[in-house]
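To start, the structure under review is shown below, and the notes come after it.
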Amino acid sequence: GFHTELILDRDTRIVSYAASVITSDKSLTKVLLERNGVSTPKGAHFFSDQRDLALQFAEALGWPVVLKPVAGSHGRGCTMGVMDTEALEQVIDEFIAEFGSDRPFLIEDEISGEEYRVFITERGKFAVLHRMPASVIGNGTSKIRELAERESARRMNPRINCLCPISIDRTVERYLGAQGLNLNSVPANGARVALRTTSNLAQGGTCEDVTEITHPQFVSIAAAILKTFPGLAYAGIDIITNNISENPSKERYAVLEVNSNPGIHMHMRPALGKSQNVA
């Protein structure tokens, strides 16, 4: 009829602006989750002029640590596997160079495990993805850079699912270096080489739908998290655990982020598994 609806990206009037602003602050989100008994990685936020405090905090927390923006998306500025003070200083310098000196960053304990995205609505509907970092498979003759470029071209021509081109950046170079490799290395035939530790699809990660094997208790945790932020009609919750099909009371888990504007394409057209019509 005469109804008009304004949509910004995927945001509509059913999502509270206040809730979306709060969840975009990863540090504040962590405080609220901890206050409500949700397991999250230990961490704290710092500004560029608090470098010494940040280094002391990381040392006390124990290596490895993760550095990421307090506000950000698609894995930009997130560096995992920081193993010592010297490496953290370099990562802080790179963060400031990319985002500016007035942008706060978060330093967290690095939790080992697999990463999952739980899409949950206030009506209890849900979909779950297992997200995996970008990688290439060697053929015995091609360089890693060539393999990544070839895989990116395959994904986009034609594009039939949610996968994006594999991003090659300083993080990839650093991670390959830690494995004794570089972009010109030639992996053996059939050898899989991981290119980064973060699993964001926008940077070339891949995903598989695991909705049907997700333990109900993880869904209950996601529903409780949604209620922690009044005004969120739905959210995409990033959880790290060893096995999403196991009861979390027996399996260590941690909630990494709460996304008020979660991607839906990855659930509807995952790389592997069943399509979930979250739209």
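The values are calculated or read from the model by the stated rules, or taken from the named source; none is laboratory data. Note that the structure is predicted; figures quoted are calculated from it, not measured. Every residue, glycine among them, receives a Cβ derived from its backbone with ideal geometry; neighbour counts consider all protein chains shown. For accessibility, only protein heavy atoms count, side chains too; no ligands or nucleic acids. Shrake-Rupley method; radii C 1.70, N 1.55, O 1.52, S 1.80 Å.
Determine if the stretch 18-40 includes at least one residue that is open to solvent by less than 70 Å² (accessible area, probe 1.4 Å), more than 19 Å from GLY236 (Cβ to Cβ) and touching a Lys or Arg at 6+ places or on another chain (Cβ under 7 Å). No, the stretch 18-40 contains no residue that is open to solvent by less than 70 Å² (accessible area, probe 1.4 Å), more than 19 Å from GLY236 (Cβ to Cβ) and touching a Lys or Arg at 6+ places or on another chain (Cβ under 7 Å).
Within the stretch 213-228, is even one residue free of Cβ contacts under 8 Å to residues at least 60 places away in the same chain, farther than 21 Å from GLU34 by Cα and not in a helix (DSSP H, G or I)? For the stretch 213-228, residues free of Cβ contacts under 8 Å to residues at least 60 places away in the same chain, farther than 21 Å from GLU34 by Cα and not in a helix (DSSP H, G or I): present.
Within the stretch 72-106, the set of residues being modelled with pLDDT under 90 and among the small types (Gly, Ala, Ser) comprises GLY72, SER73, GLY75, GLY77, GLY81.
Taking the stretch 70-188 as the region of interest, the strands (runs of 3 or more DSSP E) fully inside it that hold 3 or more residues being open to solvent by less than 30 Å² (accessible area, probe 1.4 Å) are 105-109, 114-121, 126-132. Working only within the stretch 189-209, note down all residues that are more than 17 Å from the chain's Cα centre (by Cα) and either within 20 Å of VAL91 (Cβ to Cβ) or open to solvent by less than 70 Å² (accessible area, probe 1.4 Å) (or both). Those that are more than 17 Å from the chain's Cα centre (by Cα) and either within 20 Å of VAL91 (Cβ to Cβ) or open to solvent by less than 70 Å² (accessible area, probe 1.4 Å) (or both): GLY190, ALA191, VAL193. Looking at the stretch 43-64, is at least one residue assigned to a helix (DSSP H, G or I) and either of a type in the set (Ser, Thr, Tyr) or under 17 Å from the mean Cα position of the chain (by Cα) (or both)? The answer is yes; a qualifying residue exists. Residues of the stretch 1-34 that are among the β-branched types (Val, Ile, Thr), assigned to a helix (DSSP H, G or I) and closer than 16 Å to GLY231 by Cα: VAL21, ILE22, THR23, THR29.
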